[in-house]
1. When the residues of the stretch 46-58 are filtered to those that are in contact with a Gly (Cβ under 8 Å, 6 or more places away or on another chain) and not charged (D, E, K, R), which remaining residue is farthest from residue 137 (Cα to Cα)?
2. Against the definition (within 14 Å of the ligand (Cβ to nearest atom) and exposed (fewer than 15 other Cβ atoms within 10 Å of the Cβ)), how does residue 418 come out, yes or no?
3. Among the residues of the stretch 401-413, is any acidic (Asp, Glu) and open to solvent by 40 Å² or more (accessible area, probe 1.4 Å)?
4. Go through (1) open to solvent by 10 Å² or more (accessible area, probe 1.4 Å); (2) closer than 30 Å to residue 162 by Cβ; (3) at pLDDT 90 or above; (4) under 20 Å from the mean Cα position of the chain (by Cα) for residue 487 and report which single condition fails.
5. Report the residue count in the stretch 250-263 for those that are more than 7 Å from the ligand (Cβ to nearest atom) and under 14 Å from the mean Cα position of the chain (by Cα).
6. Need pairs with beta-carbon distance below 6 Å; first residue under 22 Å from residue 255 (Cα atoms) and assigned to a strand (DSSP E or B) and within the stretch 377-395, second within 16 Å of the ligand (Cβ to nearest atom) and aromatic (Phe, Trp, Tyr); sequence gap 6+ or separate chains.
7. Given the criterion in a helix (DSSP H, G or I), aliphatic (A, V, I, L, M) and in contact (Cβ under 8 Å) with a residue 24 or more places away in the chain, identify the matching residue among 355, 364.
8. Using beta carbons and a limit of 6 Å, which pairs, at least six apart or on different chains, have the first residue in the stretch 257-270 and assigned by TED's automatic domain parsing to the domain that holds residue 344 and in contact (Cβ under 8 Å) with a residue 12 or more places away in the chain and the second one crowded, with 17+ Cβ neighbours inside 10 Å and of a type in the set (Gly, Ala, Ser)?
Amino acid sequence: MEYSILAESLNKMESTTKRLELTQHLVELFEKTPHDVISKIVYLIQGKLRPDFEGIELGVAEKLAIRAISKSSGIPIKKIEDEYRKGGDLGHASTVILEQKTQTTFLVEDITVERVYDTLFKIAKLGGTRSQDMKMKYISSLLNDATPLEASYILKILLGTLRLGIAENTVMDALAIAFSGNKENRKKLQYAYNVSSDLGKVAETIATKGLEGIEEFEIILFNPIRPMLADRVKSEEEAIEKMGNEFAAEYKLDGERVQLHIEGDKVELFSRSLERIESYYPDIIEKIPKNIQADNIILEAEAVAINENTGEFLPFQELMHRRRKYKIEKAVTEYPITVNFFDILYCNGKSCIDLSYKERREKLEKHVKEDEFAKYIPMKIVKNQSEIEDFMENSINAGSEGLMLKMLDKPYQAGSRGSHWLKLKREYRNELGDSLDLVVIGGFFGKGRRTGNYGTLLLATYDEDEDTFPSICKVGTGFSDESLDQLYQILHPKVSIKKNPRIISDMEADVWFEPELVIEVVASEITLSPIHKAAFNEIRKDAGLALRFPKFTGKIRVEKAAEDASTNEEVITLYKGQKKVAHDKNLM
Ligand code: AMP
């Protein structure tokens, strides 16, 4: 497939922010794509080479790219750097520069998508001392044969600056339309994506085998499954209303969710956002295989830091000491953990996700042996409010956050948040003393002591229906100097030139960020707002919801993806809940 087709399509997509138009461009692109290239196209439009969980990073530095442009075009480095400084985007600068190229080159070889992809793949795989030279050779040979527009999109992918803001849902909409003629089939693709976490593979399957192929999608060992999520409830009464008269209550531990894939001694660990995390947990890799009584298995657990003397669970922050590249052995001894299993998704070659909760829990206890390090998450079948309250007390006393409530007869719904699992945190009860996990979408430069940092951040909820991030508040309190520095380090690389189309806000932020980072915030109240966009038009026409007196709690939720942030629904529930409390108080 000619690379120019992809480059032109990327160019069109980059100049629109409307989801419908993006979908239409994608449909047209997919229709022009041969079936054996479709997975590559799907990865490339997301600026990737493979699904995230394979951890393949391109990692080319700007300096190297500038040298490569210079080498292939004969234009001096200085001139390229000057052009780059004007707009801040090297891909764009390269188009401008190459259009005025002084050195004539003959287009020797047509650039195909396959060639670009294979070359990028080789670059990603290169390591070692001579790698920089080799990388440069590969890049300049591609650029040599590329038109200015093609070169621009090769560079953007290489540098990780291709930011079209295409959500996975939009890609699936377009695949459903292009290959089945019906957008409604998105749901079937969604299932396939939820069990495989690999959009390229979903694309290839629908292109080559149609919907039948999609319906046969199965869980594959060492291929992570998108996790099931929970809705929140504020009280035991509400839980009983939603769950009926008998359900499971489990401790809600405050650690890191880990998905374990195990066959013999081979163990792979995935975080909640499906990144590989074996390097932080050498103790899990070493010890857990001994506890498994099955040929192969996929399990879910919460890894929690503990006080070795008392056995008490310690908060999430303790565990974060393990997130380091060096001296991990030391961190493992200093911050011991237990692994607390709560689900089984696959066992002896078969999926378990369609089994009921009850059957899965039995299977889990059959195939995993408990010991000091590996535990089942404490669970109790509860029938009424006092039993929940009692179990909640135990849970809080053990150092956990509250309870997870789970329907006994329901399957595991990969990748979705629903009412089959509910979370009841201690502090959710009564008024909004509650914390929210919000996405950082924009920043405002600080003054005085905060000069050089982002003094105030613009935050958003996640709108599940629209797959967007509407603003809910600005937050400028609760930051220590240290946390301001830390946030700057994390946020600076996420600055984007164009506001990501999934961000919904009328604010004029100094900088826009790619919506990726999630932080925890508390507030005194939720109010109607003419300027913020969360739950817009939901409670009142032309108004959204906003947080009053928001404050950063100090918790950066690194384990959460933007789509795991508090949703509009959750904020609406809190808003209505606070009104109800006020109303009840007035009646008293
Ligand atoms: P939240 O992060 O507040 O949305 O709560 C969901 C998270 O709680 C999951 O992603 C898990 O990391 C964690 N968790 C703790 N205990 C459990 C449990 N018993 N079942 C499921 N998830 C749990």
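The values are calculated or read from the model by the stated rules, or taken from the named source; none is laboratory data. The model shown is predicted, which means the values in this text are computed figures rather than measured ones. For neighbour counting, all protein chains shown are included, and Cβ atoms are generated from backbone atoms with ideal geometry for every residue, glycine included. Only protein heavy atoms, including side chains, enter the accessible area calculation; ligands, DNA and RNA are left aside. Shrake-Rupley method; radii C 1.70, N 1.55, O 1.52, S 1.80 Å.
1. Start the filter on the stretch 46-58 by keeping residues that are in contact with a Gly (Cβ under 8 Å, 6 or more places away or on another chain), which leaves 47, 50-51, 58.
Now drop any that are not not charged (D, E, K, R), which leaves 47, 51, 58.
Values: 47: 21, 51: 26, 58: 15 Å.
Out of the qualifying residues, it is 51.
2. Details: within 14 Å of the ligand (Cβ to nearest atom): yes; exposed (fewer than 15 other Cβ atoms within 10 Å of the Cβ): yes.
Spelling it out, residue 418 is indeed within 14 Å of the ligand (Cβ to nearest atom) and exposed (fewer than 15 other Cβ atoms within 10 Å of the Cβ).
3. yes
4. (1)
5. Qualifying residue count for the region: 0.
6. The qualifying pairs are 380/391.
7. 364
8. Here the result reads 258/301; 258/303, each pair linking the stretch 257-270 to a residue that is crowded, with 17+ Cβ neighbours inside 10 Å and of a type in the set (Gly, Ala, Ser).
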